[in-house]
Structure formats: C-alpha cells, structure tokens
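Read the structure below first, then the notes.
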Amino acid sequence: MLEFQEKRKLKRLIYSRVTLVVFIIIFAFLLKAVWDVYKKQAITRDNLAKTAAVYEGLRAREEMLSSEIERLKTESGTEEEIREKYGLVKPGEEVLVIVDGDEVVGSTPVSSGSNFWQKIVNWFK
C-alpha cells in the first residue's frame with residue numbers, strides 16, 4: 001500500500017500545474033534557442049552564397065590576368081601594349097587617320113540669324 005501511495009504522490013507531482021508551467025518555460029527557452037540557431041544558419045547560408053559568387057569573380061579575374069601576363073611576356077604582346085598606350089610607331093612607319101567621307105569636319109549649318117528665340121521675339125513685334 002505504501003508503494004501505491006508513493007506512486008500516487010509522484011504522479012501528482014508530475015501532473016501538477018507548477019510542474020507543467022516549469023516544463024512549458026523550459027520548452028519555450030529551448031524553442032527560442034533552436035530558432036536563434038536556425039536564423040544564424042540562414043545568415044550563414046546567404047553569406048556562403050555571396051562568398052561563392054565573389055570567389056568565382058576573383059577566379060575569373062585571376063585567369064584573365066594570367067592570360068594577360070602571358071601575352072605581355074611575348075615580344076609582340078609587349079610591343080602591342082606600348083603602341084596602344086603611348087601611340088608610338090617604329091621608325092619608317094606612318095600614322096594614317098581615316099575619316100568617313102559623309103561627315104564634313106568644321107562645317108556647321110549657318111542660319112540666317114533667326115533662331116527659335118528670335119522668331120518668338122519677332123512674332124510679338
């Protein structure tokens with residue numbers, strides 16, 4: 001009989017309102033901790049995606065710069081870069097400037113002295 005009463009006391013203690021409130025509070029703290037970890041994981045995932053994109057951009061730039069360095073290591077690449085940047089020519093070479101025949105340089109249509117504002121002023125006279 002004593003054993004039965006001990007079990008009953010234990011059941012009463014476990015199912016009491018105070019114990020349930022304590023369990024609910026503990027559960028709320030655990031739930032908040034899990035939610036905080038989830039938010040941190042989402043931020044970390046976003047940062048990982050951004051970092052991967054930056055890494056790929058840097059990888060492509062590294063490949064471009066490596067190919068540019070290889071091009072500049074050759075004599076023709078160095079010569080081409082010097083000609084492009086400084087406009088230098090070899091002795092005996094001449095520079096040709098090709099102008100499109102449709103455009104006439106230095107000619108602007110000259111009006112007879114009446115532009116838009118002069119037409120408005122003349123209209124009021």
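Any idea which of Glu68, Glu84 is under 33 Å from the mean Cα position of the chain (by Cα), surrounded by fewer than 10 Cβ atoms within 10 Å (Cβ to Cβ) and not basic (Lys, Arg)?
Glu84
I need the helices (runs of 4 or more DSSP H) fully contained in region 1-90, keeping only those with at least 1 residues that are without any contact (Cβ under 8 Å) to a residue 60 or more places away in the chain, of a type outside the set (S, T, N, Q) and touching a strand residue (DSSP E or B) at 6+ places or on another chain (Cβ under 9 Å).
none
Check off (1) within 30 Å of Glu81 (Cα to Cα); (2) modelled with pLDDT under 95; (3) among the aromatic types (Phe, Trp, Tyr) for Tyr55 and give me the number that stays unchecked.
The number of the failed condition is (2).
Quick check, is Gly92 small (Gly, Ala, Ser), loosely packed, with under 10 Cβ neighbours inside 10 Å and modelled with pLDDT under 95?
Considered against the rule, which asks whether it is small (Gly, Ala, Ser), loosely packed, with under 10 Cβ neighbours inside 10 Å and modelled with pLDDT under 95, Gly92 comes out as yes.
The values are calculated or read from the model by the stated rules, or taken from the named source; none is laboratory data. Small disclaimer: the values here were computed from a predicted structure and weren't measured. Virtual Cβ from ideal backbone geometry, glycine too; neighbours counted across all protein chains shown.
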